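Take a look at the structure below.
Every number in this text was worked out from the coordinates using simple rules, so none of it is lab data. Because the structure is a prediction, the values reported are computed rather than measured. Cβ: placed from backbone, ideal geometry, glycine included. Neighbour counts: every protein chain shown.
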Amino acid sequence: MQDQARSWAEIDLAALERNLHKIRAALPDHIRYVAVVKADAYGHGLAQTATRLMQCGADMFAVANVTEAAQLREIGSGWPILVLSAVLPQEDDQLFNHALIPTLSNLDEVTRLNTKAAERNKILKVHLKIDTGMGRLGVWHEDVQPMLDALRAAKHLELDGIFTHFSSAPTDPDFTELQRNRFIDTLKVIEEQMDLSNCMIHADNSASLRSFDHSSPINAIRVGLLQFGAAPYPDSLFAQVSTEPVLSFHGRVSLLKSLPEGCPVSYGRLTTLSRPTKLAVLSAGYADGIPMPFTKRAEVLVGGQRCPVLGRVTMDQLIVDVTDLTESPEAGDMATFIGSQGSETISVAEFCRWGDSIPWECFCSISKRVTRVYKTFRE
Ligand SMILES: *Cc1c(COP(=O)(O)O)cnc(C)c1O
């Protein structure tokens with residue numbers, strides 16, 4: 001199939017499995033692994049990715065919304081699925097249809113979902129989110145008491161977990177520590193009033209900065225980016241865990257041509273050739289997920305060598321300079337945007353720097369026009 005593709009992403013599921021094992025090995029046994037697979041598993045493909053994660057040792061899944069959760073439910077019936085975003089009232093039915101776990105942030109949600117669960121004569125598991133300084137979802141940590149009272153009174157809701165989310169884990173360890181302490185203090189308040197022995201308590205994501213031990217009430221971690229092999233932050237708990245890239249991103253040389261010095265290239269004539277140039281028109285553009293800031297700036301691998309992008313990125317095509325290649329490429333040759341050719345590698349980190357972006361966004365921006373090709377076997 002990829003022989004025919006104009007642009008494709010190869011997803012190495014064996015690498016994903018190795019990454020999960022490495023991350024697990026860096027954590028104490030009692031820490032549960034919540035695999036975050038929102039946004040089509042960060043563009044890696046929900047069904048294939050989640051199936052592999054189910055087979056190799058995830059404990060729970062987290063997705064953004066009920067639609068993603070319903071897709072995940074189709075491939076695994078018994079798995080706990082946490083919905084990370086606030087559920088819309090219009091979506092409440094789905095929680096019951098697919099046995100999902102919503103994130104609760106306020107009293108309205110408690111009342112609404114308890115009523116709906118009572119109407120159905122069901123018990124709905126929920127996770128309570130505490131806002132310790134993210135300023136997005138969650139009840140502000142100083143205002144939890146009314147939530148606790150409401151949850152205790154909500155006979156059709158079962159508190160299955162409590163969590164918070166760090167706003168600045170990669171960049172601000174002091175603030176992250178402040179958030180962690182606020183969370184732990186809040187847990188102490190909750191514990192005086194409720195039995196938390198069966199609760200999942202989680203805060204850290206891929207940028208986790210702290211090692212875990214039994215003295216901490218935190219007993220789970222939400223792992224997204226790291227399992228896909230994007231490099232962790234230098235100070236993170238996982239800096240020693242060398243996860244492998246799971247995804248590589250490719251296109252093809254679709255046309256070769258030579259133009260004289262002084263010719264303009266692409267929309268807006270942002271590049272004027274400073275020498276007679278051999279250029280290759282590649283078969284992917286911003287509609288495939290090549291960031292617009294690649295314009296006149298990024299590099300692409302062709303024939304195992306780095307080729308500079310000329311002019312502006314266009315919707316379906318990208319133009320690179322292949323004048324200096326040792327061997328002239330041919331139409332149909334592979335061009336690599338993320339990944340390796342021979343001894344040259346473009347990492348997702350480098351791709352993001354050229355794209356003025358972050359790995360999360362770069363992965364999510366690889367569009368549905370890009371064929372996903374799965375490598376499933378251990379080598
Ligand atoms: C996306 C997300 C995660 C996963 O974060 P990574 O940095 O990709 O590991 C964890 N928690 C919440 C609430 C999220 O939205």
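Tabulated data for the structure shown
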| quantity | calculated |
| --- | --- |
| Label-point separation, Ala64 to Lys278 (7 Å along Cα→Cβ), nm | 4.3 nm |
| Positive-end residue of Val300, Ala287, Gly332, charge dipole of the range 247-375 with Cβ unit charges | Ala287 |
| Net +/- balance of residues flanking Thr171 in space, Cβ distance below 14 Å, scoring K and R +1, D and E -1 | -4 |
| Most mobile of Gly303, Gly285, Gly78 in a GNM of the chain (Cα contacts under 10 Å) | Gly78 |
| DSSP bridge orientation in the chain - percent antiparallel, rounded to nearest 5 | 50 percent |
| Alpha-carbon centroids, the range 114-183 and the range 24-58: separation in whole Å | 22 Å |
| Computed lengthening from Leu107 to Asp174, 0.36 nm per intervening residue step minus Cα-Cα distance | 21.1 nm |
| Relative contact order (%) - criterion: Cα under 8 Å, at least six apart; region: the range 247-375 | 28 percent |
| Separation in nanometres of the label points that stand 7 Å from Cα toward Cβ, at Ser340 and Asn97 | 4.5 nm |
| For q = 0.18 Å⁻¹, Debye-computed log10 I/I(0) when each Cα of the range 31-228 counts as one equal scatterer | -1.32 |
| Relative contact order computed over the chain (Cα-Cα under 8 Å; 6+ residues apart), in percent | 19 percent |
| Listed pairs Lys38/Lys375; Lys155/Lys188; Lys125/Lys375; Lys116/Lys368 exceeding 32 Å between Cα atoms | Lys125/Lys375; Lys116/Lys368 |
| Most mobile listed residue (Pro264, Pro80, Pro291) in the chain, GNM with C-alpha springs under 10 Å | Pro264 |
| CD proxy at 222 nm, helix term only [per DSSP H run n ≥ 4: -39500 (n - 2.57); per residue of the chain; nearest 500] | -8000 deg cm²/dmol |
| Chain lengthening between Asp195 and Ile358 when straightened (0.36 nm per residue, less Cα-Cα) | 54.7 nm |
| Cut-off 18 Å (backbone N to label point 7 Å along Cα→Cβ of Gln240), residues of the range 17-46 | 19-31 |
| For Thr271, residues with placed amide H under 5 Å, excluding near neighbours | Val265, Gly311, Arg312 |
| Gap separating the Cα centres of the range 267-346 and the range 227-241, nearest whole Å | 29 Å |
| Debye intensity ratio I(q)/I(0), log10, the chain, q values 0.07, 0.08, 0.12, 0.13 Å⁻¹ (C-alpha model) | -0.38, -0.49, -0.92, -1.03 |
| Modelled FRET efficiency - R0 22 Å, Ser77 with Thr376, Cβ distances, 0.05 increments | 0.50 |
| Highest-MSF residue in the chain out of Ala118, Ala58, Ala284 [GNM, Cα springs under 10 Å] | Ala118 |
| Between 0 and 90°, nearest 10: helix 107-119 axis offset from the chain longest Cα axis | 80 degrees |
